[in-house]
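J.: Quick one: the structure is below, questions incoming.
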Amino acid sequence: MKNILIKPSKEKLNSFVSFGSFFISIAFIDVLANTFLNLNFTSFLPGKLSYFAPLIIGTIGLYFIRIEFSGNKMLDRINTNFNSNNLNAVLSLIVIFALIKYIPPVLNWFFFDANFVGNSKEECTGSGACWIFVKVWFNRFVYGMYPDAEQWRINSAFFILFALVGASFFVSGKYKTYLIIFLLFVYPIIGLKLISGGDFGLKYVETGAWGGLSLTFIVSAFALILCFPIGMFLALGRRSNLPAIKYSSIGFIELWRGVPLITVLFMSAVMFPMFLPDGTYVDKLIRVLIAITLFEAAYMAEVIRGGLQALPKGQYEAAKSLGMGYWRMHFLIILPQALKLVIPGIANTFLALVKDTPLIFVVGLLELAGMVNLAKTNPKWLGMAMEGYVFAGLVFWIICYAMSRYSQNLEKKLSTER
Amino acid sequence: MSKIIELKNVNKWFDKFQALKDVSLEVNQQEKIVICGPSGSGKSTLIRCINRLEEHQEGQIIVDGKEISENTKDIEKIRAEVGMVFQQFNLFPHLSILDNCTLAPIWVKKLPKKQAEEIAMKNLERVQIADQAKKFPGQLSGGQQQRSALARALCMEPKIMLFDEPTSALDPEMIKEVLDSMVDLAKAGMTMIVVTHEMGFAKEVADNMIFMDEGRIVEKAKTKDFFDNPKSDRTKLFLSQIL
């Protein structure tokens with residue numbers, strides 16, 4: 001092997017680097033020409049070989065420039081990060097070539113060949129995405145079947161919510177506590193009343209008409225706020241010394257964790273009303289909220305229990321030795337630390353919850369993904385599934401990514417380690 | 001002087017293993033007792049029974065006139081009067097040193113925040129760590145953490161202090177700063193029960209020494225007698241090994 005392979009060496013650095021760069025350039029030019037100009041320089045080679053030619057040439061080029069401690073910073077960085085051995089060289093090239101080859105078509109579909117102007121499917125003449133679909137249906141995607149004339153109520157409910165949440169970041173001390181209590185316990189009722197109406201001269205809008213992104217937010221927010229404390233008490237209950245509390249917590253958690261959410265939702269729609277006395281009626285949305293909340297609370301309980309178990313026994317003993325009882329010990333010492341430990345797990349559960357909300361379609365409630373599903377079956381807009389789902393996916397991604405970033409910030413902010 | 005702690009024929013089992021065998025002990029107010037003995041001899045278990053971090057199965061433990069048993073409803077009240085310092089410090093890592101010290105006075109003794117902070121600063125001053133009050137436990141050295149833990153216990157203004165091997169987890173050069181604070185506390189007249197292997201400390205402050213082995217109190221004597229002419233052979237052997 002030694003005789004066949006020329007070993008790149010530091011003495012002839014310049015010639016090796018220029019030789020290697022030449023090969024690499026050829027490989028890149030071939031891929032670029034192939035992607036953007038539809039030219040195939042290597043078409044004289046037999047099929048498969050022609051396809052892999054840039055990869056092989058590029059790998060040879062990378063082999064020649066692989067010189068350790070060359071003294072050239074740029075070269076050293078390339079070698080350590082992309083080109084530390086032959087396998088890494090091949091993998092790096094595959095990734096780079098794949099990006100070159102597949103990003104342009106995606107961008108074309110999204111922007112360059114996409115249609116933005118117009119009001120009907122017929123005006124979508126380009127080969128890319130038909131964003132007119134999303135534009136025309138945007139109102140429905142956000143508000144569902146909520147009457148147009150009443151949509152200001154949803155807007156103002158969310159506006160007030162965001163204003164209050166924003167304000168809670170700026171005020172401090174006692175007022176912050178009051179604001180948070182108001183947000184958690186009073187505002188949800190006011191907000192729901194504002195959206196559902198029926199009193200104070202507001203027209204009643206039945207929950208079947210609610211929908212779209214606003215419903216996604218409503219369901220997620222309620223379930224998030226409610227499942228957290230329930231999960232916390234279940235976690236404490238499962239670790240309790242009192243058998244009655246312990247075993248009912250275990251039973252509850254295992255029951256809900258063992259059933260698929262979609263089944264739970266069906267039960268809430270079909271079975272639950274049968275247990276109610278005649279004449280009583282619990283709104284569909286409320287039933288769904290209860291079902292999702294209890295379902296996620298079981299998961300939350302196990303996440304929080306993980307945090308409780310990770311705390312050293314000494315923390316409990318120190319709290320006890322200072323004369324703290326069960327509740328003070330848990331709320332002042334144990335839970336603050338345990339919850340901090342499991343922020344990633346809590347964020348995980350919250351994200352899963354937000355992404356589970358589309359399942360409420362099984363009881364006839366259509367949030368964002370449900371509305372997309374409905375819109376794409378409209379005879380005037382057949383064949384728009386791709387655009388609709390990409391839009392819904394993007395919106396969900398933005399929501400979830402924002403939550404994920406927030407949880408990371410929280411982790412940093414609460415960290416008291418050195 | 002009046003009795004503040006009284007143990008009568010206390011027996012304690014961990015499952016089948018008997019950790020305390022027929023232990024009887026009386027501690028007077030302001031008395032300083034040092035408990036020593038080989039590991040596994042039940043010394044930690046003994047003092048942990050006094051504030052019921054461990055439960056005893058037989059016998060009586062009476063602290064400040066109140067018997068401790070499973071029927072004790074206000075065990076929290078007794079614990080609030082009995083301070084404890086642990087081997088592993090057990091500071092609350094999510095709170096600053098000052099908050100560590102004020103938390104229990106505010107929430108258990110219901111002191112106003114301002115008063116609790118005054119007491120905390122006074123005690124932090126006493127263990128010479130007042131300048132670190134705003135820091136978090138993770139930012140301090142082991143010796144500083146242990147002194148903070150001592151200050152935290154003192155902030156409850158306890159009648160009795162229990163020390164469970166307070167210097168065993170420390171680097172050698174930090175042991176002295178913690179022992180100095182403890183000597184200081186002893187001179188101020190605190191009732192103290194200390195489990196430790198620091199015999200220098202014992203000779204300096206202890207009124208009585210207790211030697212434990214296999215769950216029994218083998219020997220209890222005045223400090224001077226204990227070191228100068230121990231009665232039991234087991235004590236002699238132990239002392240010859242550690243001195």
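J.: Rounded to the nearest 500 deg cm²/dmol, what is the calculated helix-only ellipticity per residue at 222 nm for the protein assembly as shown, with -39500 (n - 2.57) per DSSP H run of length n ≥ 4? Before the final figure, lay out each step's value.
T.: On the way: 27 runs with 361 residues, N = 661.
Estimated from H runs of four or more residues: -17500 deg cm²/dmol.
J.: I would also like to ask the following. Using alpha-carbon positions, what is the distance between the centroids of segment A:343-398 and segment B:145-179, in Å?
T.: So the two Cα centres are separated by 58 Å.
J.: Just the accessible area per residue of chain A, please: how many Å² with a 1.4 Å probe?
T.: Dividing the accessible area of chain A by its residue count gives 56 Å².
J.: So, one more: Mind putting a number on the dipole of chain B about its Cα centre? Charges go on the C-beta only, +1 for Lys and Arg and -1 for Asp and Glu, and I need it in Debye to the nearest 20. Please list the in-between numbers first.
T.: On the way: 34 positive and 36 negative charges, 77 e Å.
Roughly 380 debye for chain B.
J.: How well do other chains shield peptide B:134-141, expressed as the mean number of their Cβ atoms within 10 Å of each residue Cβ?
T.: Details: counts 0, 2, 4, 2, 4, 3, 1, 0.
Averaged over the peptide's residues, the number is 2.
J.: Oh, and also: Can you give me the distance in nm between label points at A:ILE160 and B:LYS176, each placed 7 Å from the Cα along the Cα-to-Cβ direction?
T.: According to this spin-label approximation, the distance is 6.8 nm.
J.: Given the pairs B:LYS122/B:LYS187; A:LYS313/A:LYS413; A:LYS320/B:LYS21; B:LYS114/B:LYS135; B:LYS32/B:LYS222; B:LYS3/B:LYS77, which are separated by over 22 angstrom at their Cα positions?
T.: On the way: B:LYS122/B:LYS187 17 Å; A:LYS313/A:LYS413 25 Å; A:LYS320/B:LYS21 25 Å; B:LYS114/B:LYS135 19 Å; B:LYS32/B:LYS222 11 Å; B:LYS3/B:LYS77 19 Å.
Checking Cα-Cα distances, A:LYS313/A:LYS413; A:LYS320/B:LYS21 exceed 22 Å.
J.: What FRET efficiency do you get for A:LEU91 and A:VAL117 if R0 is 30 Å and r is their Cβ-Cβ distance, rounded to the nearest 0.05?
T.: 0.10
J.: Roughly speaking, to the nearest percent, how much of segment A:2-112's 1.4 Å accessible area is carbon and sulfur?
T.: C and S fraction of accessible area: 71 percent.
J.: If you count only protein heavy atoms and use a 1.4 Å probe, how large is the accessible surface of B:TRP107, to the nearest 10 Å²?
T.: Counting only protein heavy atoms, the figure is 110 Å².
J.: Checking an interface number: how much accessible area is buried between A and B, summed over both chains, with a 1.4 Å probe, in Å² rounded to 100?
T.: Buried surface at the A/B interface: approximately 2000 Å².
J.: At 1.4 Å probe size, with the rest of the protein present, what percent of the exposed accessible area of segment B:1-46 is carbon and sulfur atoms? Don't skip to the answer; put the middle values down first.
T.: Values: 940 of 2100 Å².
On segment B:1-46, the fraction of accessible area on carbon and sulfur atoms equals 45 percent.
J.: Would you kindly state the longest site-free stretch of chain A, with sites defined as chymotrypsin sites (Phe, Trp or Tyr not before Pro) in a DSSP loop (not H, G, I, E, B) surrounded by at most 16 other Cβ atoms within 10 Å?
T.: A:282-418
J.: Provide a whole-number value for the mean count of partner chain Cβ atoms within 10 Å of the Cβ atoms in peptide A:322-331. Spell out each step's value before the answer.
T.: Working: counts 19, 18, 7, 6, 1, 0, 5, 2, 0, 1.
Mean shielding by partner chains, rounded to a whole number: 6.
J.: For segment A:2-112: lysine pairs with Cα atoms under 20 Å, gap of 8 or more or different chains, count? Don't jump to the answer; show the numbers that get you there.
T.: Values: A:LYS2/A:LYS10; A:LYS2/A:LYS12; A:LYS10/A:LYS73; A:LYS12/A:LYS73; A:LYS48/A:LYS101.
Close lysine pairs found across segment A:2-112: 5.
J.: Still on this structure, I have one more. Pop out the ³J(HN,Hα) list for segment A:167-180 in order, Karplus 6.51 cos²θ - 1.76 cosθ + 1.60 with θ = phi - 60°, rounded to Hz; leave Gly and Pro as x.
T.: Result, rounded to whole Hz: 4, 5, 7, 9, 6, 9, x, 4, 5, 4, 4, 4, 4, 5.
J.: Quick one: compute the contact order of chain A, relative version, from alpha carbon pairs under 8 angstrom and 6+ residues apart, as a percent. Intermediate results must be reported in sequence, preceding the final value.
T.: Working: 431 pairs, mean separation 57.2, N = 418.
Relative contact order here is 14 percent.
J.: Sticking with this one: Counting every Cα pair in the protein assembly as shown, what percent are over 50 Å apart?
T.: On the way: 93267 of 218130 pairs.
So the pairs more than 50 Å apart make up 43 percent of the total in the protein assembly as shown.
J.: Can you tell which of A:ILE225, A:ILE94, A:GLY58 lies farthest toward the positive end of the dipole of the protein assembly as shown, using +1 and -1 charges on the Cβ of basic and acidic side chains (Lys, Arg; Asp, Glu)?
T.: It is A:GLY58, whose Cα lies furthest towards the positive end.
J.: Right, another one. About the Cα centre of segment B:1-92, how large is the charge dipole given +1 on each Lys and Arg Cβ and -1 on each Asp and Glu Cβ? Please answer in debye to the nearest 20.
T.: Numbers: 13 positive and 14 negative charges, 40 e Å.
The dipole magnitude comes to about 200 debye.
J.: Roughly how crowded by other chains is peptide A:310-319, in terms of the mean Cβ count from those chains within 10 Å of each of its Cβ atoms?
T.: Details: counts 0, 1, 3, 3, 6, 6, 2, 9, 14, 6.
Average per residue, whole number: 5.
J.: What do you reckon, how do B:ASP180, B:ASP15 stack up by accessible area (1.4 Å probe), largest on top? Each step should come with its number before you reach the end.
T.: On the way: B:ASP180 75, B:ASP15 150 Å².
From most accessible down to least: B:ASP15, B:ASP180.
J.: Please report the Cα spread of chain B along all three principal axes, rounded to whole Å, starting with the longest.
T.: Sorted from largest, the Cα extents of chain B read 52, 44, 37 Å.
J.: Between A:TRP327 and B:GLN29, what FRET efficiency comes out of the Förster formula 1/(1 + (r/R0)^6) with R0 = 25 Å and r the beta carbon distance, rounded to 0.05?
T.: Calculated transfer efficiency: 0.15.
J.: Please list the three semi-axes, largest first and in whole Å, of the ellipsoid equivalent to segment A:98-249, using sqrt of 5 times the eigenvalues of its alpha carbon gyration tensor. All intermediate terms of the calculation are to be shown ahead of the outcome.
T.: Details: eigenvalues 334, 128, 62 Å².
Equivalent ellipsoid of segment A:98-249: 41, 25, 18 Å, largest first.
J.: Something else about it: Under a point spin-label approximation (7 Å from Cα along Cα-to-Cβ), what is the A:THR377-A:LEU107 distance to one decimal in nm?
T.: 3.8 nm
J.: Under 25 °C and 0.890 mPa s, how fast does segment A:2-112 diffuse according to Stokes-Einstein, given a Kirkwood radius computed over C-alpha pairs? Answer in µm²/s, whole number.
T.: On the way: Rh = 15.2 Å.
D = 162 µm²/s.
J.: Turning to a different aspect of this structure: Could you pull the accessible area for A:THR125 with a 1.4 Å probe, rounded to 10 Å²?
T.: 120 Å²
J.: Still on this model: Heavy atoms only, probe 1.4 angstrom, no DNA, RNA or ligands counted: give me A:MET386, A:MET232 ranked by accessible area, highest first. Mind dumping the intermediate values first?
T.: Values: A:MET386 115, A:MET232 25 Å².
Highest to lowest solvent-accessible surface, that is A:MET386, A:MET232.
J.: Treating only the Cβ atoms of Lys and Arg (+1) and Asp and Glu (-1) as charged, compute the dipole magnitude of chain A about its Cα centre; round to the nearest 20 debye. Could the numbers behind the result be given before it?
T.: Details: 35 positive and 22 negative charges, 276 e Å.
In debye, rounded to 20, chain A gives about 1320.
J.: Here's a follow-up. Given R₀ = 35 Å, FRET efficiency for B:TRP13-A:PHE272 by Cβ-Cβ distance, to 0.05?
T.: On the way: r = 51 Å, r/R0 = 1.45.
That gives a FRET efficiency of 0.10.
J.: Next question, about the same structure. Which of the cysteines in chain A are isolated, no other cysteine C-beta under 4.7 Å?
T.: A:CYS227, A:CYS400
J.: Okay, next question. Quick one: among A:VAL395, A:VAL219, A:VAL282, which has the greatest mean-square fluctuation in a GNM of chain A with alpha-carbon springs under 10 angstrom?
T.: Answer for the Gaussian network model of chain A: A:VAL282.
J.: Per residue, how much accessible surface does chain B expose to a 1.4 Å probe? Answer in Å², no decimals. Write down the numbers at each step before the final one.
T.: Values: 10850 Å² over 243 residues.
So chain B comes to 45 Å² accessible per residue, rounded to a whole number.
The values are calculated or read from the model by the stated rules, or taken from the named source; none is laboratory data. Predicted, not measured: the structure shown is a model, and the values here were computed from it. A quick note on method: Cβ atoms are made from the backbone with ideal geometry, for glycine too, and the neighbour counts reach across all protein chains shown. For the accessible areas, the whole protein counts, side chains as well, though only heavy atoms, and no ligand, DNA or RNA atoms are used. Shrake-Rupley method; radii C 1.70, N 1.55, O 1.52, S 1.80 Å.
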